[in-house]
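For reference, the structure is listed below as structure tokens.
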Amino acid sequence: VNGSTVNGSIVNRGYLIRYARIVWMGLVFRVREFTVSRWFVLMAVIQPVIFATIAFYLFKSGGRTGTLLYAALGAAMMGIWSSTLFGSGGALQWNRWQGTLELLVAAPPPFIVILLPLTLATSVTGGYALIATLFWGRVFFGVPLHFAHPWAFAVAVPAGVLALGLLGLLMASSFILYRQANALSNLLEYPVWVATGLLFPIALLPGWVEPISWLLAPTWGIQALRHAALGSGAVWFPIAMCAVTGAAYLALATVFLRVFERAARANATLSLT
Amino acid sequence: MRNWLRIFFVGGLISYRALFNWIKPHIYFPTMLGAPLFQIVFFSYLGRYAHVHESDAFFVVGNAVQVCGMSSVYGMTMAVANERQFGTLGPLLASPANRLAVFLGRGVPVLANGLVVSAFGFLVGRLLLDFHPSPRSLPALALIVCVTTLSCTTFGMVLGSIGLRGKDFFFAANLAYYLLLLFCGVNVPLTALPGWMSAIGRCLPLTHGIMAAREVAAGAPLAAVGGLVWTELGIAAAYAAAGFFLFRLLERESRRSAVLDSF
């Protein structure tokens, strides 16, 4: 019994290492792929800079110049969300169009291990938005880059990006049976910007929006970034919430993927466009 | 002449049905109505937080007029550039149809759709936000929106013509849509922008139309904004001419270098 347990754990550890390697190599491959995509450059660099510029001028006009770093971080998170939304939402559809979806599903590793690096890469690529808006704000608008808790900020960035990548996984797994994921992606961009308080506080919105915002990783991601940068509140609680929501998305995505993948195989609709 | 009109109206409608990617209801509603709705709400709340204006009217009018670009910029780009994407550009250009009728006819359904999207934007502002224009201002507002949507559609014609040769026309359309948000005084008044940005904005569609619409919504008579409306109309004519010139130029160049359908 002891021997088989030892063997079993060795086998499990072998699988874990193999899966971790697939995730890492897939992540590197996809980030490289997205970095040279004009679409991702638009979503992760140009669009956040344009929205940051609008917010900078608006806040300057309204005499709220102290909020420029607030706006830069918000616009960055908007870029990460857009990149994740369009990238993860369209991930399966792109593979379907390219004729690679069936190959990915039929590959020996579980499909979630193949899909995870793809969705993580969309949020990691979206991370360029943070560099772009902070650089833009510093150079053209003189936004002071003095972070209240720099180490916490260094933790908050990957925590937020990871949580959004896992939200992307949940979206991708839900969209497996939905052929018009791009339409849903077009619809969901602004509502999440509104409901998660990326450029203005959620307190301005009707009360029923706040409980919805708790379920969305960008809420906790932007809180973690802002609290770490501006020192305006607890940092570790939103970081912990990024981890909690991320774990919940992963669990849900695992279930969804199992159910929807099976349904798509059973109905022979996997590759239908 | 009858043939010209047939190509203009019937050809325009058929090409719209064939080439506009978002025509099916399950794509049309989320993309053409859902996204503009939330865009208007987003910028109105951002304006409230920034304490820029007393009411939401500034943002509702600016964004409700600008969202016509969802149809005008994307729709017009698709209506021209998708011919190449779908492999039908060669047969189209080999036909003896009048090029002006072919080109301008595609703008009519796009223009009509842009008006629907813009009207929906104003309705959203009226129902959900602090926007209460006087009923007497509505006819003038409708006229201004028509002119502005027309100028935005002709701007889309220029982008569509570029798409006849450019590889990634959706990139250009998206970029143009976002730049219109920044440069045209949609959310930031031109006076708050640097001189070079407002100078560019004055050469783009939307800018003068939005200024006129704001004044009319605030109670000014149409006569008071006549100059702005005529300027917007002039910009529409200029972009239509530029778009047609580009269309013919790129058609000729594509034939000459045999790259009509190549990517």
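All of the numbers you see were taken from the coordinates with simple rules; none came from a lab. Please read these numbers as outputs of a predicted model, since none were measured by experiment. Ideal geometry is used to build each Cβ from the backbone, glycine not excepted, and the neighbour counts take in all protein chains shown.
Run the numbers for residue B:248 and residue B:4: contour at 0.36 nm per residue of separation, minus the present Cα-Cα distance, in nm.
86.1 nm
Please label the shape of segment A:184-250 as rounded, prolate or oblate, based on the square roots a ≥ b ≥ c of the eigenvalues of the alpha-carbon gyration tensor (a/c under 1.5 means rounded; beyond that, a/b larger than b/c means prolate, else oblate).
It comes out oblate by the Cα gyration axes.
FRET efficiency for residue A:21 and residue A:232, Cβ-Cβ distance as r, R0 = 35 Å, nearest 0.05? Provide the component values of the computation, followed by the final result.
Values: r = 40 Å, r/R0 = 1.15.
FRET efficiency, residue A:21 to residue A:232: 0.30.
Counting partner chain Cβ atoms within 10 Å of every residue's Cβ in B:37-47, what's the average? Walk me through the numbers on the way to the answer.
Numbers: counts 3, 9, 4, 1, 5, 10, 5, 1, 8, 13, 4.
Mean partner shielding for this stretch: 6.
Under the classification rounded if a/c is under 1.5, otherwise prolate if a/b is larger than b/c and oblate if not, where does segment A:152-213 fall, given a ≥ b ≥ c as square roots of the Cα gyration tensor eigenvalues?
oblate
Less than 18 Å from a label point 7 Å out along the Cα-to-Cβ axis of residue B:138: which backbone N atoms in segment B:208-223 qualify, by residue?
Once the point is set 7 Å along Cα→Cβ of residue B:138, B:213-214, B:216-222 turn out to lie under 18 Å by backbone N, inside segment B:208-223.
Given Cα pairs under 8 Å that are at least 6 residues apart, what percent is the relative contact order of segment B:36-193?
This gives 39 percent for segment B:36-193.
Normalising by the residue count of segment B:189-263, find the relative contact order in percent from Cα pairs under 8 Å and 6+ residues apart.
Reported as a whole number, the value is 23 percent.
Using Cβ counts within 10 Å as a stand-in for footprinting exposure, how do B:137, A:37 rank, fewest first? The partial results should precede the final answer.
Values: B:137 19, A:37 15.
Final ranking by Cβ density, sparse to dense: A:37, B:137.
Roughly how crowded by other chains is peptide A:47-60, in terms of the mean Cβ count from those chains within 10 Å of each of its Cβ atoms?
Mean inter-chain Cβ contacts per residue within 10 Å come to 5.
Identify, among B:90, B:217, B:105, the residue whose Cα sits farthest towards the positive end of the charge dipole of chain B, taking +1 on the Cβ of Lys and Arg and -1 on the Cβ of Asp and Glu, with the dipole about the Cα centre.
After comparing all options, I get B:90.
Going by the alpha-carbon gyration tensor, a ≥ b ≥ c the square roots of its eigenvalues, is the protein assembly as shown rounded (a/c under 1.5) or, if a/c is not under 1.5, prolate (a/b greater than b/c) versus oblate?
The shape class here is oblate.
In degrees, nearest 10, range 0 to 90: what is the angle between the Cα axis of helix B:57-66 and the longest Cα principal axis of chain B?
0 degrees
With an 8 Å Cα cut-off and a minimum separation of 6 or more residues, compute the relative contact order for chain A in percent.
Numbers: 385 pairs, mean separation 64.7, N = 273.
Value for chain A: 24 percent.
Using the count of nearby Cβ atoms within 10 Å as a rough guide to exposure, how do A:173, A:88, B:257 rank from fewest to most?
Listing A:173, A:88, B:257 from fewest to most nearby Cβ atoms yields B:257, A:173, A:88.
Please report the spacing between the Cα centers of segment A:12-49 and segment B:174-227 in Å, no decimals.
About 40 Å separates the Cα centre of segment A:12-49 from the one of segment B:174-227.
To the nearest 20 debye, what is the magnitude of the charge dipole of the protein assembly as shown about its Cα centre, counting +1 on the Cβ of each Lys and Arg and -1 on the Cβ of each Asp and Glu?
In debye, rounded to 20, the protein assembly as shown gives about 980.
DSSP H helices in chain A with Cα extent of 27 Å or more along the helix axis and mean Kyte-Doolittle hydropathy at least 1.6?
Qualifying helices: A:150-174.
Tell me, what is the FRET efficiency for residue A:240 and residue A:210 to the nearest 0.05, using R0 = 25 angstrom and their Cβ-Cβ distance as r?
0.85
Once you have the alpha carbon radius of gyration of segment B:1-104, what is it after dividing by 2.2 N^0.38 Å, with N set to its residue count? Present the calculation step by step, with values, prior to reporting the outcome.
On the way: Rg = 18.6 Å, N = 104, 2.2 N^0.38 = 12.8 Å.
Scaled against compact globular proteins, the figure is 1.45.
Mind checking the dipole of segment B:1-119: about its Cα centre, +1 per Lys or Arg Cβ, -1 per Asp or Glu Cβ, Debye to the nearest 20?
Here the size comes out at about 520 debye.
Relative to the first principal axis of the alpha-carbon coordinates of chain B, what is the inclination of helix B:107-128, with its axis defined by its Cα atoms, in degrees from 0 to 90 and to the nearest 10?
20 degrees
What is the distance, in nm, between label points placed 7 Å from the Cα along the Cα-to-Cβ direction at residue A:29 and at residue A:148?
4.3 nm
Got a sec? How would A:216, A:104 order by Cβ neighbour count within 10 Å, fewest to most?
Fewest-to-most ranking of A:216, A:104: A:104, A:216.
Does anyone have the angle between helix B:226-256 and the longest principal axis of chain B? Alpha-carbon axes, 0 to 90°, nearest 10?
With rounding to tens, the tilt is 20 degrees.
Given charges of +1 on the Cβ of Lys and Arg and -1 on the Cβ of Asp and Glu, with all other atoms neutral, how large is the dipole of chain B about its Cα centre, in debye to the nearest 20?
Using Cβ point charges on Lys, Arg, Asp and Glu, chain B gives about 780 debye.
Helix-derived [θ] at 222 nm for chain B: sum -39500 (n - 2.57) over DSSP H runs of at least 4, divide by residue count, nearest 500? Walk me through the numbers before you get to the answer.
Values: 14 runs with 180 residues, N = 263.
Calculated mean residue ellipticity at 222 nm is -21500 deg cm²/dmol.
Under a plain spin-label model, where a point goes 7 Å from the Cα along Cα-to-Cβ, how far apart in nm are residue B:259 and residue B:220?
4.6 nm
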